[in-house]
Amino acid sequence: MKTHLRSACFLFALILLAALAACGTSTAPPAPQPPSDAVVILLTPVPAPPTTRTLNAYKADVARHVMQRNPERVFEGELPPMLPAVVVLNITVDRDGRLHDIQVQRSRDAGASEVALASLRRSGPLPPPHGLAPRHADLMTFSETFLFGDRYRFQLRTLAGPQRTGL
């Protein structure tokens, strides 16, 4: 009986010590110092890839950028029921947003085309198209439509609101 009591006390003491050890805080032992002739390689964190954007979100960024750079050429408010001119441009940018090429895709008004081209050139570089072009491509092409009101003032289709109905 004494051996059972002694074993039970010993087991109780072990459980109590284990519980107390679990409650305490412990610090890890310090890392060993490298030998003086060892080569230390510092690891630099890998930058996170840019967030993926949609083409429509990118075009909205570009449209805001162009309108901010050309406030004297922009008109606000509803589009008139009859637009005096519409110009569609094909815009090619590199990975950094620098303009590589601009082509008039559609226009019936040479003056409006010149205003659209000049406004876009004044706006460069555009926001970079991160995450939109294939990894192997250095250039990306997209289109934007300039909607002209009177006096060659424009809105960009990507951000334009509804058009007024009726004459």
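The values are calculated or read from the model by the stated rules, or taken from the named source; none is laboratory data. Being a predicted model, the structure only gives us computed values, none of them experimental. Counting neighbours? That spans all protein chains shown, and the Cβs are built from the backbone with ideal geometry, glycine included. These accessible areas exclude ligands, DNA and RNA; they are computed on the full protein's heavy atoms, side chains included. Shrake-Rupley method; radii C 1.70, N 1.55, O 1.52, S 1.80 Å.
LEU147: modelled with pLDDT of 95 or more, touching a helix residue (DSSP H, G or I) at 6+ places or on another chain (Cβ under 9 Å) and either in a helix (DSSP H, G or I) or not polar (S, T, N, Q) (or both), yes or no?
Details: modelled with pLDDT of 95 or more: yes; touching a helix residue (DSSP H, G or I) at 6+ places or on another chain (Cβ under 9 Å): no; either in a helix (DSSP H, G or I) or not polar (S, T, N, Q) (or both): yes.
Judged against the criteria, LEU147 is not a match.
Answer yes if at least one residue in segment 88-96 is outside any strand (DSSP E or B), more than 17 Å from THR158 (Cβ to Cβ), in contact with a helix residue (DSSP H, G or I) (Cβ under 9 Å, 6 or more places away or on another chain) and open to solvent by 40 Å² or more (accessible area, probe 1.4 Å), and no otherwise.
No; the residues of segment 88-96 include none that is outside any strand (DSSP E or B), more than 17 Å from THR158 (Cβ to Cβ), in contact with a helix residue (DSSP H, G or I) (Cβ under 9 Å, 6 or more places away or on another chain) and open to solvent by 40 Å² or more (accessible area, probe 1.4 Å).
Test of understanding: among ILE102, ILE91, which residue is without any contact (Cβ under 8 Å) to a residue 24 or more places away in the chain, touching a strand residue (DSSP E or B) at 6+ places or on another chain (Cβ under 7 Å) and on the phi < 0 side of the Ramachandran plot? Talk me through it step by step, then tell me what you get.
On the way: ILE91 fails: without any contact (Cβ under 8 Å) to a residue 24 or more places away in the chain.
Exactly one of ILE102, ILE91 is without any contact (Cβ under 8 Å) to a residue 24 or more places away in the chain, touching a strand residue (DSSP E or B) at 6+ places or on another chain (Cβ under 7 Å) and on the phi < 0 side of the Ramachandran plot, namely ILE102.
Where the second residue is among the small types (Gly, Ala, Ser) and the first is closer than 15 Å to GLU144 by Cβ and lies in segment 51-77, which pairs have Cβ atoms under 7 Å and are six or more apart or on separate chains?
Pairs that qualify, where the first residue is closer than 15 Å to GLU144 by Cβ and the partner is among the small types (Gly, Ala, Ser), are HIS65/SER123; VAL66/SER119; VAL66/SER123; ARG69/SER123; ASN70/SER119; ASN70/SER123; ARG73/SER119.
Which members of segment 108-156 meet the condition of being under 21 Å from the mean Cα position of the chain (by Cα) and among the charged types (D, E, K, R)?
Passing the criteria: ARG135, ASP138, GLU144.
Go through segment 112-124 and report how many residues are of a type outside the set (Asp, Glu) and open to solvent by 30 Å² or more (accessible area, probe 1.4 Å).
Count: 4.
Based on this model, can you work out whether ASP109 counts as open to solvent by 30 Å² or more (accessible area, probe 1.4 Å), of a type in the set (Asp, Glu), in contact with a strand residue (DSSP E or B) (Cβ under 6 Å, 6 or more places away or on another chain) and farther than 27 Å from ARG53 by Cα?
Spelling it out, ASP109 is indeed open to solvent by 30 Å² or more (accessible area, probe 1.4 Å), of a type in the set (Asp, Glu), in contact with a strand residue (DSSP E or B) (Cβ under 6 Å, 6 or more places away or on another chain) and farther than 27 Å from ARG53 by Cα.
Specify the residue that is least open to solvent (accessible area, probe 1.4 Å); the eligible residues are those in segment 67-87 that are outside any strand (DSSP E or B), within 18 Å of ARG106 (Cβ to Cβ) and hydrophobic (A, V, I, L, M, F, W, C). Working first, answer last.
Applying the first criterion (outside any strand (DSSP E or B)) to segment 67-87 yields 67-73, 75-78, 80-84.
When the remaining residues are screened for being within 18 Å of ARG106 (Cβ to Cβ), the result is 82-84.
Filter once more, so that each one left must be hydrophobic (A, V, I, L, M, F, W, C): 82-83.
Working: MET82: 136, LEU83: 47 Å².
Out of the qualifying residues, it is LEU83.
Please state which one of THR27, THR51 is modelled with pLDDT under 95 and closer than 19 Å to MET140 by Cα.
Details: THR27 fails: closer than 19 Å to MET140 by Cα.
Of the residues listed, the single one that is modelled with pLDDT under 95 and closer than 19 Å to MET140 by Cα is THR51.
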